[in-house]
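Please treat every number below as a calculation from the coordinates, not as lab data. Treat the numbers as computed from the prediction; the structure is a model and nothing was measured. We place every Cβ from the backbone using ideal geometry, glycine too, and count neighbours over all the protein chains shown.
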Amino acid sequence: MSRPKAVVCLSGGMDSTVCATLAARDYDSFGLHFSYGQRTQARELKAAREVAKAVGLRELMELETDLFRRIGGSALTDANIAVPDAAPESQRDHSVRQGEEVPVTYVPFRNAHFLSAAVSWAEVLGAKTVFIGAVEQDSSGYPDCRPQYYKAFNELIQVGTKEGEIAVVTPLITLRKHEIVRLGVELGAPLHVSWSCYSGEVAACGVCESCDLRLRAFAAAGISDPILYAPKRTAQDYTNAR
């Protein structure tokens, strides 16, 4: 019997890798990857391709835009804004609630662009589901990773598409990062080819916030991270080397 179709937003990062594995388990899944001028653009594309092959996606559509590079405003796309190191544990303000402080690595309204393309493709494919690996808890505080964001986006889809039946789903959004690691291992997700680093492309820097979140997640899950990390350097070292 034929399976329902789904479109998966696939960055190549840890969360999207686990999300793609879930989608491919239950749907005929089509991946969508954006190169948008991010510092590790080539490395993320490589990871997305390897994940797509490993989980058996039917197709990986590779799109490229220079919009975010041109408008700037994010450390991921603007060479004038440094990628910061994650704060040491002793300097973290745990009284600040998630989402109260938006970091410089936030790319302005990025996920809306990704989801718009995914929904457009879903309409053509006849897919009713769009997967994205957004995570609210243990994340960097990005406003486009909150449940209310996706609730609002789904309301937009209902009134702005031909049939109004497509839904964006976020199966990881309430999980902690270490829970995502464990789920990925249980599913056999190809975490060894995923890429999370904001700065490094040959080896992950290990000190940017994304690397820090990933390393802490694997440590809390009691599992060794399978990707290569460089000797301790700062994220700025990688920026200067480019």
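The stretch 27-76 to the stretch 153-205: how many Å between their Cα centroids?
13
What is the extension gain from residue 79 to residue 63, computed as 0.36 nm multiplied by their sequence separation minus the C-alpha to C-alpha distance, in nm to one decimal?
Length gained between residue 79 and residue 63: 3.6 nm.
Between residue 35 and residue 112, with labels modelled 7 Å along Cα→Cβ, what's the label distance in nm to one decimal, could you check?
2.6
State the three equivalent ellipsoid semi-axes of the stretch 151-201, derived from the C-alpha gyration tensor as the square roots of 5 times its eigenvalues, in descending order and whole Å.
31, 15, 11
First check a/c for the stretch 187-227, with a ≥ b ≥ c the square roots of the eigenvalues of its C-alpha gyration tensor; if it is under 1.5, answer rounded, and if not, answer prolate when a/b is larger than b/c or oblate otherwise.
oblate
Which entries in 151/232; 53/162; 5/53 show an alpha-carbon gap greater than 29 Å?
On the way: 151/232 40 Å; 53/162 31 Å; 5/53 17 Å.
Over 29 Å Cα-Cα: 151/232; 53/162.
Using the Cα atoms as the points, what is the convex hull volume per residue of the stretch 154-238 in Å³?
So the per-residue hull volume is 145 Å³.
So which residue, out of 114, 30, 131, gets the largest mean-square fluctuation from a GNM of the chain using Cα contacts under 10 Å as springs?
114
Over the stretch 1-73, what relative contact order in percent results from Cα pairs under 8 Å that are six or more residues apart?
With pairs under 8 Å counted, the relative contact order is 34 percent.
Could you give the size of the charge dipole of the chain about its Cα centre, using +1 on the Cβ of each K and R and -1 on the Cβ of each D and E, expressed in debye and rounded to the nearest 20?
Roughly 340 debye for the chain.
Tell me, what is the FRET efficiency for residue 203 and residue 71 to the nearest 0.05, using R0 = 35 angstrom and their Cβ-Cβ distance as r?
Calculated value: 0.70.
Specify the longest stretch of the chain that does not include any exposed loop site, a site being one of the GluC sites (Glu not before Pro) with a non-H, G, I, E, B DSSP assignment and at most 11 other Cβ atoms within 10 Å.
The longest such stretch corresponds to 1-99.
Could you work out the relative contact order of the chain? I mean the mean sequence separation of Cα pairs under 8 Å and 6+ apart, divided by the number of residues, in percent.
24
With both bridge residues required to lie in the chain, what share of the DSSP beta bridges run antiparallel, to the nearest 5%?
Just about 5 percent of them are antiparallel.
Between residue 219 and residue 155, what's the calculated FRET efficiency when r is the beta-carbon distance and R0 is 45 Å? Round to 0.05. Before the final figure, lay out the partial values.
Numbers: r = 39 Å, r/R0 = 0.86.
Plugging the Cβ-Cβ distance into 1/(1 + (r/R0)^6) gives 0.70.
Using a simple spin-label model with points 7 Å from Cα along the Cα→Cβ vector, what separation in nm is obtained for residue 176 and residue 46?
My value for the distance between the label points is 3.3 nm.
With a ≥ b ≥ c the root eigenvalues of the C-alpha gyration tensor of the stretch 1-94, is it rounded (a/c under 1.5), prolate (a/b larger than b/c) or oblate? Provide the component values of the computation, followed by the final result.
Values: a/c = 2.96, a/b = 1.66, b/c = 1.78.
It comes out oblate by the Cα gyration axes.
Hey, fewest Cβ within 10 Å first, where do 166, 227, 71, 132 land in order?
Least crowded to most crowded, the residues run 71, 227, 166, 132.
Going by average Cβ neighbours within 10 Å, how do the peptides 213-222, 11-20 rank, with the highest at the top? Walk me through the numbers before you get to the answer.
Working: 213-222: 18.0, 11-20: 27.1.
Averaged packing, sorted descending, gives the order 11-20, 213-222.
If I model a spin label at residue 137 and residue 53 as a point 7 Å from the Cα along the Cα→Cβ vector, what separation in nanometres do I get?
Once both label points are built, they end up 3.6 nm from each other.
Quick check on the chain: helices-only [θ] at 222 nm, where DSSP H runs of length 4 and up contribute -39,500 (n - 2.57) each and the sum goes over total residues. Nearest 500, please.
The helix contribution divided over the chain gives -12000 deg cm²/dmol.
With r as the distance between the Cβ atoms of residue 163 and residue 102 and R0 = 45 Å, compute the FRET efficiency 1/(1 + (r/R0)^6) and round to 0.05.
It comes out at approximately 0.85.
Tell me, what does the Kirkwood hydrodynamic radius of the stretch 1-44 come to in angstroms if you use every pair of distinct C-alpha atoms?
11.3
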